[in-house]
Amino acid sequence: MTGAPVAVVAGAGAGGTATSLSLAASGFHVVVLDARLEAADAAVAAVHQEGGSAEAHAVDLLDVDAVTALRDDLVTRLGRIDVVVHLVGGWRGSPTLDPASVANWNALHPPIVGTLAVLTAVLGDQVRQSAHGRVIMVTSTAAAAPTAGNIAYASAKAAAEAWMAGVAHFLRDSEAASVVVAVKALLTDQMIDADPEKKWPGYTHVRTLGEAIAGICTGPVGNGSRLDLTLQG
């Protein structure tokens, strides 16, 4: 068992890795979840390289039983779950509103909304018991301004934000908080290196995202609040 606060980071892509690094640097034991064990292992290796504490798990985040078993294992071994960060997503678009939009919705709803629903329903009570509990979801500014081409993606993100409002209501009588973090799109060093002359207006570097999430987890924040990183700097 560890006395350190425990943060569950769902999604081991560039944003998840950067967030795991920032949380570990802030003193959290980070539990990295991904459908692909190799991705989770890579994120954990990056944390360990910086001297942080982390562990990797491959889990189907749409499987309530699997996530429940993981929760029980974590609570037994670590004694607590303080933070849940949702960075699972995906993107699909089409030239306009047409039958492909329906296929895109059917493909995007499970990873964007379904995984968030399972994680919060299974882990939410643990977060609510924490004096510094946080549930954080990373959304897109597209949710507030859908177009015909991104209607499925924007609608899935909007549905996830509505779910987070319900999470905020669930946490209303506790010290925990539900927070939505909005970005236009994420930027990595690899993207910059691949096209050094390109401008990236409105993009948020994954390091900035990770630092912002760590700040939410270590400082005061309002339950049901929203942080738009496109307005930072």
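Compute the FRET efficiency between residue 91 and residue 198 as 1/(1 + (r/R0)^6), taking r as their Cβ-Cβ distance and R0 = 22 Å, and round to the nearest 0.05.
Details: r = 19 Å, r/R0 = 0.86.
Taking R0 as 22 Å, the efficiency between residue 91 and residue 198 is 0.70.
Given a Förster distance of 35 Å, report the FRET efficiency between residue 174 and residue 228 from their Cβ-Cβ distance, rounded to the nearest 0.05.
0.90
Can you work out the Karplus-derived ³J(HN,Hα) for every residue in the range 183-199? Use 6.51 cos²θ - 1.76 cosθ + 1.60 with θ = phi - 60°, whole Hz, and x for glycine or proline.
Values, residue by residue: 9, 7, 6, 9, 10, 10, 4, 5, 5, 5, 5, 6, 8, x, 8, 6, 8 Hz.
Would you work out the charge dipole size for the range 149-213 about its Cα centre, treating the Cβ of every Lys and Arg as +1 and the Cβ of every Asp and Glu as -1, and quote it to the nearest 20 debye?
Magnitude of the dipole: close to 220 debye.
Using 7 Å Cα-to-Cβ label points, what is the residue 185/residue 125 separation (nm, one decimal)?
4.2 nm
Using 1/(1 + (r/R0)^6) with R0 = 41 angstrom and r between the beta carbons of residue 77 and residue 100, what's the FRET efficiency to the nearest 0.05?
Efficiency, from the Cβ-Cβ distance: 0.35.
Once you order the gyration tensor axes a ≥ b ≥ c over the Cα atoms, which shape class does the range 1-107 get: rounded for a/c under 1.5, otherwise prolate or oblate by comparing a/b with b/c?
In terms of gyration-tensor shape, prolate.
For the range 1-133, give the magnitude of the charge dipole about the Cα centre (Cβ charges: +1 Lys/Arg, -1 Asp/Glu; no others), in debye to the nearest 20.
Its charge dipole is roughly 260 debye.
Would you mind working out the magnitude of the charge dipole of the chain relative to its Cα centre, with +1 at each Lys and Arg C-beta and -1 at each Asp and Glu C-beta, to the nearest 20 Debye?
The calculated dipole for the chain is roughly 540 debye.
So what J values fall out for the range 18-34 if you push phi through Karplus, 6.51 cos²θ - 1.76 cosθ + 1.60 with θ = phi - 60°, rounded to Hz, Gly and Pro as x?
Ordered by residue, 3J(HN,Hα) equals 4, 5, 4, 4, 5, 5, 4, 5, 8, x, 7, 8, 9, 10, 9, 10, 7 Hz.
Select from 219, 205, 163 the residue farthest towards the positive end of the dipole of the range 156-233; place +1 on Cβ of Lys and Arg, -1 on Cβ of Asp and Glu, and compute about the Cα centre.
Comparing the listed Cα positions along the dipole, 163 ranks first.
Bear in mind these aren't lab numbers, they're just calculated from the coordinates by the rules spelled out. Predicted model only: the values in this text are computed from it and were never measured. Cβ: placed from backbone, ideal geometry, glycine included. Neighbour counts: every protein chain shown.
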